[in-house]
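See below for the structure under consideration.
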Amino acid sequence: MTHPFLTQMAHGLFDRGIGTLRYQFPYMEKGSKRPDAPAVAHATVQAAVAEAARILPAAALFAGGKSFGGRMTSQAQAESPMPGVLGLIFLGFPLHPPGRPSGDRAEHLLEVKVPMLFLQGSRDEFASLDLLEPLIRRLGSRATLRLFPEADHSFHVPKRSGRTDEEISTEMLEAMAAWMDLVLKR
């Protein structure tokens, strides 16, 4: 939760009047590289969302995360919809392991009934666009895809792109804020 990218996103959302609650999965607390079992990760997500609702009962709740955190959030929501969650935001959804394209990790998304925002780099090795774009179409009006040309899974862009990581981060923050506003107006 203290990773520079997540810290930057939290501060950028704060600057736009949007509060965040960051949390760690147990495996990160222990300093392990091996992710928690899905049941443990789902329970962690559900506990974090419940705590956010307890702390700010009148706040509009959106849940999500970066990579593994986003996928565990969507699985938790598909398994047992979290009360009060209006939408899910994914910063680099890990559709498949690098070099092993597959859509298996996405089947649970069909069970998610709230709107979903996918922020994805066009060079993300964890989400082949020829698999991700049909998935978004299959999810229909519940899914919004915002692509960041030349960005990788960490939203880093090469110098040759003519853009900076800072510009990508600003665009991501603007996209999240605008999408949340749109969901709230529905």
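Coordinate-derived values only; no laboratory data. Predicted model only: the values in this text are computed from it and were never measured. Counting neighbours? That spans all protein chains shown, and the Cβs are built from the backbone with ideal geometry, glycine included.
Work out which helices of the chain, taken as complete DSSP H runs, extend at least 18 Å along their axis over the Cα atoms and score a mean Kyte-Doolittle of 0.5 or more, then list them.
Values: long enough: 38-55 (25 Å, 0.81); 165-185 (30 Å, 0.19).
What comes out of the filter, once short or polar helices are dropped, is 38-55.
Which pairs break 28 Å Cα to Cα here: LYS33/LYS159; LYS66/LYS113; LYS33/LYS113; LYS66/LYS159; LYS30/LYS159?
Among LYS33/LYS159; LYS66/LYS113; LYS33/LYS113; LYS66/LYS159; LYS30/LYS159, the Cα-Cα distance tops 28 Å for LYS33/LYS159; LYS33/LYS113; LYS30/LYS159.
Need the C-alpha centroid separation for the stretch 47-113 versus the stretch 118-186, integer Å.
The distance from the Cα centre of the stretch 47-113 to that of the stretch 118-186 comes to 16 Å.
Compute a Gaussian network model of the chain, connecting alpha carbons closer than 10 Å, and tell me which residue from ASP124, ASP104, ASP36 fluctuates the most.
Of ASP124, ASP104, ASP36, the Gaussian network model singles out ASP104 as fluctuating most.
Once you've got the GNM for the chain with C-alpha springs shorter than 10 Å, pick whichever of SER141, SER102, SER32 has the biggest mean-square fluctuation.
SER32
Based on the Cβ-Cβ distance from GLU167 to HIS108, what FRET efficiency comes out when R0 is 25 Å, to the nearest 0.05?
Numbers: r = 33 Å, r/R0 = 1.31.
About 0.15, to the nearest 0.05.
Compute the semi-axes of the equivalent ellipsoid of the stretch 43-161, taking the square root of 5 times each eigenvalue of the Cα gyration tensor, and list them largest first in whole Å. Walk me through the intermediate numbers first.
Details: eigenvalues 132, 49, 31 Å².
Over the Cα atoms of the stretch 43-161, the ellipsoid semi-axes are 26, 16, 13 Å.
Using θ = phi - 60° and the Karplus relation 6.51 cos²θ - 1.76 cosθ + 1.60, list the HN-Hα couplings for the stretch 21-37 in order, rounded to whole Hz, with x at every Gly or Pro.
10, 9, 8, 10, 7, x, 5, 6, 4, 7, x, 8, 8, 8, x, 5, 4
Using the Cβ atoms and a cut-off under 13 Å, what net charge is assigned to the surroundings of GLU111, where Lys and Arg are +1 and Asp and Glu are -1? Intermediate results must be reported in sequence, preceding the final value.
On the way: positive: LYS113, ARG138, ARG142; negative: GLU79, GLU107.
Counting the neighbours of GLU111, the net charge comes to +1.
Which of LYS113, LYS33 comes first, and how do the rest follow, when ranked by fewest Cβ neighbours within 10 Å?
Numbers: LYS113 10, LYS33 7.
The fewest-first ordering by Cβ neighbours comes to LYS33, LYS113.
What relative contact order, as a whole-number percentage, does the stretch 4-185 give when Cα pairs under 8 Å and 6 or more residues apart are counted? Intermediate results must be reported in sequence, preceding the final value.
Numbers: 269 pairs, mean separation 30.2, N = 182.
Taking the mean separation of contacting Cα pairs over the length of the stretch 4-185, I get 17 percent.
What net charge is computed for the residues neighbouring GLY69, neighbours being all others with C-beta under 13 Å from the C-beta of GLY69, Lys and Arg scored +1, Asp and Glu -1?
On the way: positive: ARG22, LYS66, ARG71; negative: ASP36.
Spelling it out: positives minus negatives among the neighbours equals +2.
Name the long-range amide H neighbours of ALA143: under 5 Å, sequence gap of 5 or more, or other chain; modelled H, no Pro or chain starts.
The answer is MET116.
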